[in-house]
1. Which is within 22 Å of Gln12 (Cβ to Cβ), crowded, with 18+ Cβ neighbours inside 10 Å and among the hydrophobic types (A, V, I, L, M, F, W, C), of Ala47, Ala39?
2. Checking the conditions here, which among Val63, Val78, Val120 is of a type outside the set (S, T, N, Q) and touching a Leu at 6+ places or on another chain (Cβ under 8 Å)?
3. Within region 91-108, how many residues are open to solvent by 20 Å² or more (accessible area, probe 1.4 Å), within 12 Å of Arg44 (Cα to Cα) and either of a type outside the set (A, V, I, L, M, F, W, C) or not in a loop (DSSP other than H, G, I, E, B) (or both)?
Amino acid sequence: VQLQASGGGLVQAGGSLRLSCAASGLTFGSYGMGWFRQAPGKGREFAAAIDRSAGTTWYAGSVKGRFTISRDNAKNTVYLQMNSLKPEDTAVYSCTAYSRVRTSIAAESSYDYWGQGTLVTVSS
């Protein structure tokens with residue numbers, strides 16, 4: 001299984017970025033997908049998730065109203081549209097896949113596969 005994230009970069013505060021994550025080696029439509037992030041010197045935290053049919057989404061309070069997760073099952077890709085970016089959004093963003101929620105959608109233990117991250121840097 002490979003989850004390849006892309007789209008990170010340097011952006012000014014208030015700007016936007018769209019991250020993409022291309023999945024291979026799994027039946028994409030059978031998995032819910034999520035995005036986690038890890039800021040410098042901090043632990044990894046949940047950002048957003050979407051169920052396998054794109055019928056339900058979840059967001060961390062810190063990104064709700066600014067970030068939008070979506071997926072295209074025909075392209076085996078999940079997206080994270082990030083608007084109104086803040087310096088505190090600076091982090092490595094990783095995508096992840098789950099077959100079923102074991103504890104909480106925000107818990108790392110619920111996820112089966114993890115990809116390499118993409119760095120997002122927001123300047124003030």
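The values are calculated or read from the model by the stated rules, or taken from the named source; none is laboratory data. Owing to the predicted nature of the structure, the values given are computational and were not obtained by experimental measurement. Positions of Cβ are backbone-derived with ideal geometry, glycine not excepted, and every protein chain shown enters the neighbour counts. Keep in mind that these areas ignore ligands, DNA and RNA; they rest on the heavy atoms of the full protein, side chains included. Shrake-Rupley method; radii C 1.70, N 1.55, O 1.52, S 1.80 Å.
1. When all the criteria are applied, what remains is Ala47.
2. Being of a type outside the set (S, T, N, Q) and touching a Leu at 6+ places or on another chain (Cβ under 8 Å) holds for just one of Val63, Val78, Val120, which is Val120.
3. Number satisfying all stated conditions: 2.
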